[in-house]
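Derivation of every value follows stated rules applied to the coordinates shown; laboratory data play no part. Keep in mind the model is a prediction, meaning the values are calculated, not measured. Glycine also receives a Cβ, built like all others from the backbone with ideal geometry; neighbour counts cover every protein chain displayed.
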Amino acid sequence: MINKKKLINNIKVNSNKIVEFLKKEKLYIKDNSINNISKNVASLDNNNHFSINWIKSSNYDIESLNSNILIVGEQFKPISEDKSIIYTTNPRLAIVLIINHFFLEDINNKYISNLSSIDNSVKIGKNCILNEYVVIGEESIIGDNVTIYPNVTIYPNSIIGDNVIINSGTRVGQEGFGYIENLDGKMIQFPHLGRVIIEDGVEIGANVTIDRGALSDTVIGEGTKINNLTHIAHNVKIGKECEICSKVNISGSVNIGNSVYIAPNATIIDGVDITDKVTIGIGAVVRKDINRKTTIVALEGFEKREYIKIKRKLKG
């Protein structure tokens, strides 16, 4: 299997270089002018003398750390005479950018596994990585710099934009679950003639299912991120830069705006419209339109007796 990025071996990173980089990224505040060299990035509970750590807390006991370069927030209080402390406006974002810039490199070579099955009519862009047992149906279009991991199936007439990542086990473009009763009382499937369109910069987790549209297209907007085990039904339209967490269920013909966050195990009933910048909490069931920026929460876990009391008060 080929990855989109790989770790650079035998890397040494000077803390002064990190300071210069963070200044360019407009995240730098100050540092303690102690210069060190690191070879890796580590978690707080698995660090070593040559590792870089980022610290969220403003008052962390750094004496317990072996790391010699620390990326911290503006309110960080401890000081050190031997560790490099670099203050940033956003230490979490800073460490992500540091890892991508100093420790990882892109694989820009095109790779199509001999164990993949790709119809001759499929159009594939530049620098794509298509791993083992990837299946792509006829008349599909794959953009540039797309990475598809093993055991992904993309059904016919699907469109995948540039810089898209699709993880293992995902299915894109199968028929949706739409049935109608005929005159004999038997269920027949509503024809699904639409496509799935995945726009640029979308990342899709493992074992996700995205149904193609019935009479219109299912669309995943630019930059949206979808976590593992999510189901997206036919005719769904999802906007740009949304975050959809694991085990979310989005029923048919739902329209979701831009920058919407949907937490794990949330369910959105068919035909619902959700405006921009809405937050939907863990386990929430959305049954009606949301037309303003807000946060939707589900009830926390209660014992049955307590839940009945709360329900009576809500009704009262």
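Tabulated data
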read-out	value
Partner aspartates and glutamates for Lys288 [C-alpha distance under 13 Å; skip if fewer than 8 residues away on the same chain]	Asp270, Asp273
Proximal lysines relative to Lys30, as straight alpha-carbon distance under 16 Å, when same-chain residues fewer than 8 apart are discounted	Lys17, Lys77, Lys83
Largest-first ellipsoid semi-axes for the chain, taking √(5λ) over the Cα gyration tensor eigenvalues, angstrom	42, 30, 15
log₁₀ of I(q)/I(0) at q = 0.13, 0.14, 0.26 Å⁻¹ - region 144-204, Debye sum with one point per alpha carbon	-0.45, -0.50, -1.07
Stretchable slack from Lys311 to Asp273, in nm (0.36 nm times residue separation minus alpha-carbon distance)	11.0 nm
Eligible lysines near Lys313 by straight Cα distance, threshold 22 Å, same-chain separation 8 or greater	Lys304
Most fluctuating residue given options Arg305, Arg287, Arg171, as computed from a GNM of the chain linking Cα atoms under 10 Å	Arg305
Alpha-carbon spread of region 170-316, three principal axes, descending order, Å	49, 47, 28
Pairwise FRET efficiency - Lys17 versus Glu203, Cβ, R0 = 30 Å, nearest 0.05	0.55
Interchain or long-range residues, amide H under 5 Å from Ile129's placed H	Tyr111, Val146, Thr147, Ile148
Within a Gaussian network of the chain (alpha carbon springs, distance under 10 Å), most fluctuating of Phe21, Phe177, Phe103	Phe21
Gain in span if fully extended, Lys126 to Glu81, counting 0.36 nm per residue against the direct Cα distance	11.2 nm
Interchain or long-range residues, amide H under 5 Å from Asn68's placed H	Ser51
The chain: most fluctuating residue of Ser113, Ser80, Ser38 per GNM, C-alpha cutoff 10 Å	Ser80
Rounded to the nearest 20 debye, dipole of region 5-106 from Cβ charges on Lys, Arg, Asp, Glu	320
Where labels lie 7 Å past Cα in the beta-carbon direction, separation of Leu7 and Lys30 in nm	3.5
Kirkwood hydrodynamic radius of region 5-106, from inverse mean 1/r over distinct Cα pairs, in Å	13.4
Positive-end residue of Leu104, Ile69, Ile18, charge dipole of region 5-106 with Cβ unit charges	Leu104
